[in-house]
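Chemist: Supplied in structure tokens, the structure appears directly below.
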Amino acid sequence: MREARAARSFVSAQQVAELAGVSRSAVSRTFTDGASVSAATRQKVRSAADTLGYHVNHLARSLINEDSGIVCLIGAEINTPYQARMLDALTRRLQAINRVGMVINTSGDRDSVELALRQTLNYRAGATVVLSGSPPASLIDTCVNSGQRVILINRDDHLDGPKNVTLDNVGAAREAFLMLRRAGCERLAVVSSLAGTPSLVARAQGFQAAAAEAGLQVRVTATGPTSYASGFEAGRLLLSGSERPQAAFCVTDLLACGFMDAARFEFGLSVPQEICVIGFDDIEQAGWVSYNLTTFRQPIDQIADHIMRLLAEPEENDVEGEAACFQAVPVWRRSVRPK
């Protein structure tokens, strides 16, 4: 059995042609959209293909047509709930339009990331979508220089060539500040991460700027990656002093969940009576009864739909630097005292 498997190879179009009693070109036309082929020939070819288990080699076709139908998805921290939801939305939509998503996780070492990226170029990936992670600008330049269409999500690289899909992170952070001020909070903190991605930095800086304009200082803490554990550790550090904050704006929900658990289980604080917490992303856990987290919802489905429209447009319609900006909507739950 093992030897039989080792000897097995993919069925060729020539084998299908011989079984169907037609020419090799007839097989090719049968599986080419819009090509001319009679109904009888199409039926014979498809019947032979089903019998033999034949599948069209799209990679081989791409060597001729320069279009493999592959879209490269580059991201970091893709195990986090927000990134997982974005990947789910994008890959589902790509499948619906007969394209294939090739995911590259840039959380690994630089050499392995560059090797994976070059593999997508070898496979003639026609487009690259860079998620709001930390892939360096040099990798984006490689994609652009290879002739790929590049779409950036939540990044401010200001590179020539890519299209940008952004979120108003600063505006949402300012709204978070106002929400906490209306709740009567004056001693404020920001919980961020060491990931340093453009979107996370913009949220932290936006909140700090709004507080500075109101004459208030903000304690900013970042203890590690964008994780529950980092949020928990930030809570332990921020809440251990005598001048503990009355509220915290966490730049992601995952950080907020960790922070809330530190407040409740390490220090016995009541949320929101003794400390208010706001997160960002509206991940599934934010709505769990144990958290009831007030947060900001990213319009993931709208962003994914917009990206599909960009991919469907002819390349000659591309405008360098073109950007679309989406709004994050506040979702009120019970981690902030009523307005």
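FYI, it's all coordinate maths here, none of it is from the lab. In this text, all values refer to a predicted model and were calculated from it rather than measured experimentally. All Cβ positions, glycine included, derive from the backbone under ideal geometry; neighbour counts span all protein chains shown.
Chemist: Within the set of other residues whose C-beta is less than 12 Å from the C-beta of SER36, count the net charge using Lys and Arg as +1 and Asp and Glu as -1.
Modeler: Within the 12 Å Cβ shell, the charges total +1.
Chemist: Rounded to the nearest 500, what is the chain's calculated 222 nm mean residue ellipticity when only DSSP H runs of at least 4 contribute -39500 (n - 2.57) each, over all residues?
Modeler: -13000 deg cm²/dmol
Chemist: A further question on this structure: What distance in nm lies between label points placed 7 Å from Cα along the C-beta direction at VAL100 and ASN79?
Modeler: My value for the distance between the label points is 2.7 nm.
Chemist: While we're here: How much net charge surrounds SER240 when only the other residues with a Cβ under 13 Å from the Cβ of SER240 are counted, with Lys and Arg +1 and Asp and Glu -1?
Modeler: 0
Chemist: What does the charge count near TRP332 come to, summing +1 for each Lys or Arg and -1 for each Asp or Glu among other residues with Cβ under 13 Å from its Cβ?
Modeler: Overall, the nearby charge balance is +4.
Chemist: Just going by the charge dipole of the chain, with Lys and Arg at +1 and Asp and Glu at -1 on Cβ, which of ALA214, ASN292, ALA262 is farthest out on the positive end?
Modeler: ASN292
Chemist: Quick check for me: using +1 on Lys/Arg Cβ and -1 on Asp/Glu Cβ, what's the dipole size of the stretch 225-321 about its Cα centre, in debye to the nearest 20?
Modeler: 760 debye
Chemist: Oh, and also: What does the extension gain come out to for SER290 and ASP50, with contour length at 0.36 nm per residue minus their alpha carbon separation?
Modeler: 81.2 nm
Chemist: Continuing with the same structure: In the chain, what percentage of the DSSP-assigned beta bridges are antiparallel, given to the nearest 5?
Modeler: Antiparallel: roughly 10 percent of the beta bridges in the chain.
Chemist: How far apart, in nm, are the 7 Å Cα→Cβ label points at ARG92 and VAL11?
Modeler: Label-label distance for ARG92 and VAL11, simple model: 3.3 nm.
Chemist: Amide H of VAL103 versus every other amide H placed in the peptide plane: which residues, excluding those fewer than 5 positions away on the same chain, fall under 5 Å?
Modeler: For VAL103, the qualifying residues are LEU73.
Chemist: If you don't mind, there's one more thing I want to ask. I need to check one value: relative contact order of the stretch 137-233, counting alpha carbon pairs closer than 8 Å and at least 6 residues apart, in percent.
Modeler: Relative contact order here is 25 percent.
Chemist: Additional query: Assign unit charges at the C-beta atoms only (+1 for Lys and Arg, -1 for Asp and Glu), then state the dipole size of the chain relative to its Cα centre in Debye, rounded to the nearest 20.
Modeler: Dipole of the chain, to the nearest 20 debye: 940 debye.
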